[in-house]
There are 2 protein chains.
Amino acid sequence: MDANQNAGDGLRQVIGFILELDKLKGVTRKTRPLGLTRYENSAEHSWQIALLAASLAHLAPAPVDVDRVIRMLLVHDIGEIDTGDTLVYVEGGWKERKAAELAAVTRIFGMLPDAQGAAYLALWQEFERGESPEARFANAVDRAMPVLLNLANEGQSWRENGISHARVVGRIAAPILEGCPALWAYLEAKLEEARQKGWFGA
Amino acid sequence: MDANQNAGDGLRQVIGFILELDKLKGVTRKTRPLGLTRYENSAEHSWQIALLAASLAHLAPAPVDVDRVIRMLLVHDIGEIDTGDTLVYVEGGWKERKAAELAAVTRIFGMLPDAQGAAYLALWQEFERGESPEARFANAVDRAMPVLLNLANEGQSWRENGISHARVVGRIAAPILEGCPALWAYLEAKLEEARQKGWFGA
């Protein structure tokens, strides 16, 4: 088999796609990894939440296909390659950002052979719609991870960005309660402790 | 449900495990992400190869359970939390490093409830043994990724570390040919082009 023949298998398209994904390593979030001074990026975040989901799937309120959850989480932030990450607590402009992310993933998944690109796009859209048990669970895990880091980090990104306890709870309580109630019960108590310790920014 | 009750579901153990995993974001490899000056870390690398595997599974020489491949790749580098990353071209000491990594993953997966920890350890060991079709394919993808980055990066880590074309081919040809022959056919031709361009370090 020679290299030209491989082109017919979509190999070159896959490689172009994977090298494009490298850019997600340069998209920074507002949270710092524990013990590091730099900001976390969306690629390593995606890895971590895939493993959080795999480890918490038994606590989902409905049976979930954990492998589809993992795939969803691995692709859910890819649109940020074009748009950058936006703090979940930012208000306004959400609809415009989501449209820009859809344009981005349409471009990036469009680098793949049609069937593959369509499958990734369907996963991305399932996560965004948040309607299936898998998508609800995946959204809960995605929302919970920066909270877990902040709880281990004396509220680093809340303090740096002036985010109040009420704003955190208002933004994450519903999706986490819906997608993983046991996780919300845990976080709710910990967030109250954090509030008493003064770990919020406003 | 209160927070104490959750402890019985292993939630606190899972959270301890996930926060421990944060350390993999600080384990640096020898490759630099495209367009960035810093080194790549093993967490973002694990994310990228999970998606490379998902995108190339149709080229595996035997049918593979791609979801098990993805899980294997998500956990395969976790031992580096205690040992650090070692360039695949370093010679000697391999057996000792693998023993140290096994001790590390035994410690880290041991933070989880027994059944969960055992399942992750089994995945890690399957990858290390490299005997199943899934493990062979996963190993091929893991070996290929830094080569793909170097081919897009004018041989950055080969030049920085004095790695010759012969050493790269000698180390990766067999596992990639075995685990994903079409990928090896592609890389073999590209590596020869890179040699002619002087992208190797020795």
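Limited to the range B:148-202, what total is found for residues that are within 13 Å of chain A (Cβ to nearest Cβ) and part of a helix (DSSP H, G or I)?
The number of residues fulfilling the criteria is 20.
The set of residues in the range A:90-129 being among the small types (Gly, Ala, Ser) and over 17 Å from the mean Cα position of the chain (by Cα) consists of A:GLY92, A:GLY93, A:ALA103, A:GLY110, A:ALA115, A:GLY117, A:ALA118, A:ALA119. Every condition in (1) closer than 28 Å to B:ARG38 by Cβ; (2) touching a helix residue (DSSP H, G or I) at 6+ places or on another chain (Cβ under 6 Å); (3) surrounded by fewer than 23 Cβ atoms within 10 Å (Cβ to Cβ) holds for A:TYR39 except the one numbered (2).
Given the structure, is B:GLY10 touching a Ser or Thr at 6+ places or on another chain (Cβ under 9 Å) and at pLDDT below 95? Yes: the conditions hold for B:GLY10.
Identify, please: which residue in the range B:29-49 is in contact with an Asp or Glu (Cβ under 8 Å, 6 or more places away or on another chain) and among the hydroxyl-bearing types (Ser, Thr, Tyr) and is, among those, nearest to the other protein chains (Cβ to nearest Cβ)? Only one residue tops the list, namely B:SER46. One residue alone among A:PHE127, A:PHE137 is closer than 30 Å to A:GLU193 by Cα and in contact (Cβ under 8 Å) with a residue 40 or more places away in the chain, and that residue is A:PHE137. Just one of (1) part of a helix (DSSP H, G or I); (2) away from chain B (no Cβ under 11 Å) fails for A:ILE70. It is (2).
Any chance you could count how many residues in the range B:79-93 are at pLDDT 80 or above and open to solvent by 40 Å² or more (accessible area, probe 1.4 Å)? Qualifying residue count for the region: 2.
When B:ASP77 is tested against (1) charged (D, E, K, R); (2) part of a helix (DSSP H, G or I); (3) closer than 26 Å to A:GLU40 by Cβ, just one condition goes unmet, and that condition is (2).
Scanning the range B:106-117 for residues that are in a helix (DSSP H, G or I), of a type outside the set (D, E, K, R) and open to solvent by 20 Å² or more (accessible area, probe 1.4 Å) yields B:THR106, B:ALA115, B:GLN116. Scanning the range B:146-202 for residues that are among the aliphatic types (A, V, I, L, M), open to solvent by 10 Å² or more (accessible area, probe 1.4 Å) and under 20 Å from the mean Cα position of the chain (by Cα) yields a count of 6. Can you pull out every residue in the range A:118-141 that is within 11 Å of chain B (Cβ to nearest Cβ), closer than 14 Å to B:ALA54 by Cβ and surrounded by 21 or more Cβ atoms within 10 Å (Cβ to Cβ)? Passing the criteria: A:TYR120, A:LEU123.
Which of the residues belonging to the range B:21-36 are in contact (Cβ under 8 Å) with a residue 60 or more places away in the chain, farther than 20 Å from B:PHE127 by Cα and open to solvent by less than 20 Å² (accessible area, probe 1.4 Å)? Across the range B:21-36, the qualifying residues are B:THR31, B:PRO33. Of all residues in the range A:50-59, those being open to solvent by less than 20 Å² (accessible area, probe 1.4 Å) and either in contact with a Lys or Arg (Cβ under 7 Å, 6 or more places away or on another chain) or more than 9 Å from chain B (Cβ to nearest Cβ) (or both) number 1.
The values are calculated or read from the model by the stated rules, or taken from the named source; none is laboratory data. What you are looking at is a predicted structure, and each value in this text was computed from that prediction instead of being measured. Neighbour counts run over all protein chains shown; Cβ positions are idealised from the backbone, glycine included. Heavy atoms of the whole protein, side chains included, go into the accessibility calculation; ligands, DNA and RNA do not. Shrake-Rupley method; radii C 1.70, N 1.55, O 1.52, S 1.80 Å.
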